[in-house]
């Protein structure tokens, strides 16, 4: 069956739009999430206290990629919207598919920039925010976030 479909794809005069629709219908759908390990100049890590998370309220900033948005820009947008913080993407730390959900997470390492007053909650999802040194985190982080923090700090030499 697959061979027949590929042959039809090759020989029939499909335009780009019908091919895109066929790909959309025949493939599994995923949501794409972004996670940020945001580090300031002192090696402290940005953590947010999320209103809706019960077991692990503190964690790394995160969010969803919107249609047509580049993942790195989605992470930067989430930081601006949630805590009013600008940051520069340094690298992609990890890309991970969720084993139980149709979700792909891309984790970025970012360097924090302004405002000088520090992050402050701007969204109803976030009740507190701050930069913390490892060992001084206000709560336990969910897996795999502790490993992502270690990896990010090591990459920056902290």
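Values quoted throughout were computed directly from the atomic coordinates according to the rules given, and no laboratory measurement underlies them. All of these numbers come straight from a predicted model, not from anything done at the bench. Every residue, glycine among them, receives a Cβ derived from its backbone with ideal geometry; neighbour counts consider all protein chains shown.
Our estimate of slack between residue 90 and residue 143, defined as 0.36 nm per intervening residue step minus the Cα-Cα distance, is 16.9 nm.
In the chain, the DSSP beta bridges split such that about 70 percent are antiparallel, to the nearest 5.
Using only the alpha-carbon atoms, how far is helix 16-26 inclined from the longest principal axis of the chain? Give it as 0 to 90 degrees, nearest 10. Value to nearest ten degrees: 70.
The distance between label points at residue 25 and residue 111 comes to 4.9 nm (points 7 Å beyond Cα on the Cα→Cβ vector).
On the basis of the beta-carbon distance and an R0 of 30 Å, residue 16 and residue 80 show a calculated FRET efficiency of 0.30.
What per residue convex hull volume, in Å³, do the alpha-carbon atoms of the chain yield? Could you put the intermediate results ahead of the total?
Working: hull volume 23.4 nm³, N = 158.
Normalising the Cα hull of the chain by residue number yields 148 Å³.
For the stretch 33-83, what does the alpha-carbon gyration tensor say about shape, rounded, prolate or oblate, given a ≥ b ≥ c as the root eigenvalues, a/c under 1.5 as rounded, and a/b over b/c as prolate? Don't jump to the answer; show the numbers that get you there.
Details: a/c = 2.39, a/b = 1.21, b/c = 1.97.
Here the stretch 33-83 falls in the oblate category.
Per-residue packing, averaged as other Cβ atoms within 10 Å, sorts the ranges 100-106, 73-79, 86-92 into the order 73-79, 86-92, 100-106, beginning with the highest.
Helix-derived [θ] at 222 nm for the chain: sum -39500 (n - 2.57) over DSSP H runs of at least 4, divide by residue count, nearest 500?
Calculated mean residue ellipticity at 222 nm is -8500 deg cm²/dmol.
Between the Cα long axis of helix 145-155 and the first principal axis of the chain there is an angle of about 80°, rounded to the nearest 10.
Does the stretch 71-158 classify as rounded, prolate or oblate by the C-alpha gyration tensor (a ≥ b ≥ c root eigenvalues; a/c under 1.5 gives rounded; else a/b over b/c gives prolate, otherwise oblate)? Don't skip to the answer; put the middle values down first.
On the way: a/c = 1.36, a/b = 1.23, b/c = 1.11.
The shape class here is rounded.
Projected label points at residue 66 and residue 128, each 7 Å from Cα along the beta carbon direction, are separated by 3.0 nanometres.
Does the stretch 90-133 classify as rounded, prolate or oblate by the C-alpha gyration tensor (a ≥ b ≥ c root eigenvalues; a/c under 1.5 gives rounded; else a/b over b/c gives prolate, otherwise oblate)? Intermediate values should be presented prior to the final figure.
On the way: a/c = 3.15, a/b = 1.61, b/c = 1.96.
It comes out oblate by the Cα gyration axes.
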